[in-house]
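The structure appears below as structure tokens.
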Amino acid sequence: MFQYRVENVSRRGVLQGLGITAGLVLAVPVMSRRGMAATGMATYKTGADKMPHGTVNDPRAFVAIAPDGIVTIIASRSEMGTGVRTSLPMIVADEMNADWGRVQVKQADADEAKYGNQDTDGSRSTRHFLIPMRQVGAAARMMLEAAAAKQWGVPVSEVKADNHEVIHTPTGRKLGYGDLATAAAAEPVPDPSQLQMKDPKDFRYIGKGKVSIVDLHDITVGKAMYGIDTRLPGMKYAVIARPPVVGGKVVSFDPTDAMKVSGVEKVMEVKGWPWPSKFQPLGGVAVIARNTGAAIKGRDALKIVWDDGANAHYDSAVYRRELEEAARKPGLVVRNNGDVDAAMKSADKIVVGEYYLPHFAHAPMEPPVATANVADGKAEIWAPVQSPQGTLDDAAKTLGLKPEDVTVHVTLLGGGFGRKSKCDYALEAAIISQAIGAPVRVQWTREDDIQHDFYHTVSAERIEAGLDKNGKVIAWRHRSVAPTIMSTFKAGANHEAPFELGMGLVDLPFDIQNIRCENPAAEAHTRIGWFRSVSNIPHAFAVQTMVSEIAHATGRDPKDMLLELIGPARLVDVGPSVKDLWDYGEPISSYPIDAGRLRKVVELVAEKGEWGRQVPKGHGLGIAVHRSFVSYVATIVEVAVDSKGKMTIPRVDTAIDCGIYVNPERIQSQIEGAAIMGLSLAKYGEITFKHGRAMQKNFDTFQVGRMSDSPMVTNVHIMPATWAVPPSGVGEPGVPPFAPALCNAIFAATGKRIRHLPIGKQLEV
Amino acid sequence: MITLIVNGKEHNWDGDPSLPLLWYLRDEVGLTGTKFGCGHAFCGACTVHLDGVAVRSCSTSMHEAADRHITTIEGLDPAGNHPVQKAWREVNVPQCGYCQSGQIMQASALIRQNPHPTTEEIRETMAGNICRCGCYQRIEAAVRLAATGA
Ligand code: FES
Ligand code: FES
């Protein structure tokens with residue numbers, strides 16, 4: 001019965017020594033990358049140094065070689081489907097000339113002091129860790145070479161590591177990595193300035209797309225271990241009835257009927273925190289049982305009286321009108337170039353678009369779930385979390401323990417999309433385990449997930465474009481009104497934060513003389529959180545729909561219109577009015593807003609996606625482009641709408657420029673997936689509120705894209721890049737252009753302009 | 001007392017006969033390959049075979065499973081090399097992987113009933129299985145590969 005496995009060791013061979021030998025790993029303080037330069041490789045500054053704990057490039061933190069030659073590489077970032085658990089270790093393996101067939105990957109526990117930042121969010125993993133992982137691999141390779149040279153008594157210049165062994169070039173003698181493991185561990189770690197990096201033309205794995213994800217086999221046989229799969233001896237199973245309104249609390253409850261359910265062992269109140277409280281639990285009443293099914297049945301039998309609190313009046317239909325009204329009046333100016341008022345007055349024509357996007361739920365296929373064992377002043381947590389260290393720190397605070405007494409094991413994540421950056425579910429498990437003195441797994445049902453999410457914001461966007469008599473856009477005013485994610489951290493926060501404004505509003509890359517962006521205030525009435533690609537979704541939807549509206553108003557081709565608005569290839573300067581321009585946390589010097597790259601993905605997708613091709617009657621093509629997470633993505637959608645208004649998608653083409661890349665096969669899968677997520681939110685995605693309660697419960701009312709909806713074909717075109725172009729995001733940037741490209745295609749097919757999402761029944765006739 | 005055969009092995013249950021088979025398999029037997037996604041037959045993550053036919057284990061009670069043969073992902077093929085499993089690896093279907101046990105169980109049942117499904121039949125049958133990561137293009141290709149060997 002007892003079985004748990006969290007490290008997800010994916011390959012054969014049991015590890016015999018950890019650290020180039022056992023014991024050494026922890027004995028030496030690891031070095032952080034700060035202030036180090038490596039030779040033999042183009043380096044560039046990233047925002048990694050500004051992240052908590054930065055990056056680490058010490059091989060002793062990441063690499064262990066066992067005497068049998070098995071190389072273990074630590075994956076320090078969370079795997080939620082992007083492939084990062086494969087891609088980062090693959091960088092190390094390639095740079096150290098290890099044979100991937102003799103590498104196994106081990107998932108790191110939460111420990112940022114040792115591994116550097118682990119917060120797997122913001123499409124940052126490759127852009128922050130490509131160079132540190134190369135440095136780790138290069139240092140390990142050089143230590144192996146030094147050890148071999150010593151053993152043979154030859155100069156290190158005569159030896160060379162290749163494919164899991166070190167060769168003495170003049171004589172052809174060889175020593176395997178396993179044979180050298182102990183001696184290599186005793187070698188000093190080379191100073192990063194002395195590292196000799198591989199020539200990229202010699203890479204065997206990086207950039208090739210030939211390596212399958214390390215968990216592939218386990219996934220197909222049901223052995224991959226997610227958060228829901230942790231099992232501990234004596235473990236109990238719990239579900240929680242949470243206040244239906246954010247900020248509500250339990251007044252009283254009657255456990256009698258719940259306790260009568262077969263398998264139910266205990267009912268208890270769980271502490272909640274006053275709203276807003278970052279990621280602290282909502283509180284409620286927990287039912288603890290011998291299995292999850294019994295706990296759910298027990299919860300159904302609970303009688304609870306709730307105090308709904310201040311958000312009980314939240315009605316999203318009323319709120320929508322408030323947002324739309326606010327978007328029609330001036331608001332806080334967040335970008336100002338030229339004189340928009342004067343230019344609008346002189347305009348020959350003004351095109352106005354008002355757009356609305358509702359709340360969405362993340363709905364990862366694995367709902368939130370976590371297991372905790374709190375005993376004897378120590379806590380151990382197993383959870384599918386994007387933020388291992390944040391979970392550890394929050395758990396320590398919540399339980400009143402020292403951080404060193406809390407361990408967080410990271411399982412595989414059955415999807416994340418930003419939901420699993422918020423660790424409330426892990427804290428619930430810890431609180432209940434502490435209270436009952438036994439290990440416990442807290443399971444969220446799908447209803448819990450959809451009704452108690454940290455929702456994607458809701459937003460009204462209004463754009464006015466002033467055109468001169470030649471149809472040239474001379475003025476652009478964009479108002480964005482949306483409750484901010486900061487409202488989850490701080491009461492009263494009611495303007496978009498710089499990181500939200502920088503996602504497609506104030507970083508508008510268009511070549512227009514007079515631009516003004518405004519952000520009227522909006523108060524939050526539920527928990528708002530980041531959702532894959534965040535504020536880029538509403539901002540890009542508005543901007544990219546508007547481009548198509550202007551094209552229509554002036555009788556031009558939408559792609560030509562788009563290129564005209566982007567203007568000539570140049571680095572875009574948004575001007576001094578933008579305070580705190582947020583470039584995804586990166587230094588703008590490394591990651592400028594490059595109109596040339598933006599143009600090129602439009603041109604690439606137009607060519608490969610055969611923009612302008614003849615399509616059958618009832619079909620239409622739509623195009624959109626967006627820069628986000630410092631990557632550039634353009635999408636063309638072909639849609640078909642039949643006489644009843646039923647929509648199908650014969651073809652999608654997406655071009656992505658994400659700089660130098662590591663794993664093109666996973667880029668392709670991320671972009672294929674982004675099309676489905678974009679389709680889901682465009683066609684169905686909507687959470688509505690009445691009396692403060694989310695009205696959707698499960699996949700019947702909160703629908704997501706299914707195979708029957710999905711494009712018949714999605715083609716992905718990756719822009720070739722050199723090592724001179726730093727890597728940028730992949731997980732998120734595929735999402736924002738999809739919905740506007742789809743809706744622009746619908747306009748081309750039917751003449752019906754979609755200005756609010758979801759599309760829902762808008763096409764029905 | 002309910003008796004059922006899971007992956008060829010006899011099991012007995014004397015608890016609540018209304019318990020969904022899903023939670024019995026996962027929490028009582030420890031066969032965690034079968035996943036939970038919705039609890040109401042909307043998503044297919046919990047798909048197993050009941051006497052060879054794909055069913056949603058979240059919506060199948062222990063009572064309904066009595067005296068029947070249940071196959072889970074762990075029991076689909078002794079070596080994990082069912083043609084559907086091999087095709088899944090060939091096409092690199094999974095992203096997060098969480099939905100894939102259910103997808104594979106659904107696809108293997110489909111191919112058993114209909115060895116040469118058309119694209120339309122694949123898309124219709126597999127539409128009951130949600131993949132939030134959006135692996136549909138590859139799932140469709142893998143089912144076709146498993147069915148035709150091409
Ligand atoms: S969990 Fe059974 S169909 Fe979703
Ligand atoms: S692979 Fe993640 S839900 Fe299907």
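When B:144, B:89 are screened for being over 14 Å from the mean Cα position of the chain (by Cα), of a type in the set (D, E, K, R) and more than 12 Å from chain A (Cβ to nearest Cβ), only B:144 passes. Would you be able to say whether some residue in region A:739-754 is aliphatic (A, V, I, L, M) and under 30 Å from residue A:47 (Cα atoms)? Checking region A:739-754: at least one residue is aliphatic (A, V, I, L, M) and under 30 Å from residue A:47 (Cα atoms).
The numbered conditions (1) of a type in the set (A, V, I, L, M, F, W, C); (2) in contact with a Leu (Cβ under 7 Å, 6 or more places away or on another chain); (3) within 17 Å of residue A:453 (Cα to Cα) are all true for residue A:374 except (3). Tell me whether region B:125-140 contains one or more residues that are at the interface with another protein chain (Cβ under 9 Å from one of its Cβ atoms), part of a loop (DSSP other than H, G, I, E, B), surrounded by fewer than 21 Cβ atoms within 10 Å (Cβ to Cβ) and free of Cβ contacts under 8 Å to residues at least 12 places away in the same chain. Yes, because at least one residue in region B:125-140 is at the interface with another protein chain (Cβ under 9 Å from one of its Cβ atoms), part of a loop (DSSP other than H, G, I, E, B), surrounded by fewer than 21 Cβ atoms within 10 Å (Cβ to Cβ) and free of Cβ contacts under 8 Å to residues at least 12 places away in the same chain. Going through (1) under 26 Å from the mean Cα position of the chain (by Cα); (2) in a loop (DSSP other than H, G, I, E, B); (3) touching a residue at least 40 places away in the same chain (Cβ under 8 Å) one by one, residue A:469 falls short only on (1).
Of all the criteria given as (1) within 14 Å of ligand 1 (Cβ to nearest atom); (2) touching a Phe, Trp or Tyr at 6+ places or on another chain (Cβ under 7 Å), the one not satisfied by residue B:41 is (2). Just one of the listed residues (B:63, B:40, B:11, B:69) is over 13 Å from the mean Cα position of the chain (by Cα), away from ligand 2 (no atom under 16 Å from the Cβ) and closer than 21 Å to residue A:367 by Cβ, namely B:40. Could you please let me know if residue B:96 is within 16 Å of ligand 2 (Cβ to nearest atom) and in the same structural domain as residue B:144 (by TED's automatic domain parsing)? Against the criterion (within 16 Å of ligand 2 (Cβ to nearest atom) and in the same structural domain as residue B:144 (by TED's automatic domain parsing)), residue B:96 qualifies. Of A:301, A:241, all but one fail to be more than 9 Å from chain B (Cβ to nearest Cβ), within 25 Å of residue A:688 (Cβ to Cβ) and in contact with a helix residue (DSSP H, G or I) (Cβ under 8 Å, 6 or more places away or on another chain); the exception is A:241. Go through region B:2-38 residue by residue and tally those that are away from ligand 1 (no atom under 16 Å from the Cβ) and either among the charged types (D, E, K, R) or out of contact with any Phe, Trp or Tyr (no Cβ under 7 Å at 6 or more places or on another chain) (or both). Qualifying residue count, region B:2-38: 17.
Of the residues making up region A:265-295, those that are touching a Phe, Trp or Tyr at 6+ places or on another chain (Cβ under 8 Å) and within 14 Å of another protein chain (Cβ to nearest Cβ) number 8. Between A:634, A:682, A:655, the distinction of being surrounded by 24 or more Cβ atoms within 10 Å (Cβ to Cβ), in contact (Cβ under 8 Å) with a residue 12 or more places away in the chain and assigned to a helix (DSSP H, G or I) belongs to A:682 only.
Residues in region A:455-508 that are crowded, with 24+ Cβ neighbours inside 10 Å and basic (Lys, Arg): A:462, A:479. Counting only residues that are assigned to a helix (DSSP H, G or I) and farther than 17 Å from residue A:225 by Cα, region A:414-429 holds 7 of them. Each residue in region A:481-521 was checked for being touching a His at 6+ places or on another chain (Cβ under 7 Å) and of a type in the set (Ser, Thr, Tyr), and 1 of them qualify. When region B:9-33 is filtered for residues that are more than 7 Å from every other protein chain (Cβ to nearest Cβ), among the hydroxyl-bearing types (Ser, Thr, Tyr) and surrounded by 19 or more Cβ atoms within 10 Å (Cβ to Cβ), only B:24 remains.
Can you confirm whether region B:20-29 contains a residue that is part of a loop (DSSP other than H, G, I, E, B), more than 16 Å from ligand 2 (Cβ to nearest atom) and not charged (D, E, K, R)? No, every residue in region B:20-29 fails to be part of a loop (DSSP other than H, G, I, E, B), more than 16 Å from ligand 2 (Cβ to nearest atom) and not charged (D, E, K, R). Under the condition of being in contact (Cβ under 8 Å) with a residue 60 or more places away in the chain, surrounded by fewer than 24 Cβ atoms within 10 Å (Cβ to Cβ) and more than 7 Å from chain A (Cβ to nearest Cβ), the residues counted in region B:42-52 number 2. The residues of region A:242-260 that are surrounded by 19 or more Cβ atoms within 10 Å (Cβ to Cβ) and either touching a Cys at 6+ places or on another chain (Cβ under 8 Å) or over 14 Å from residue A:306 (Cα atoms) (or both), listed by number, are A:255, A:258.
The values are calculated or read from the model by the stated rules, or taken from the named source; none is laboratory data. Keep in mind that this is a model prediction, so the values were computed, not measured. Every residue, glycine as well, gets a Cβ built from its backbone with ideal geometry; the counts of neighbours run over all protein chains shown.
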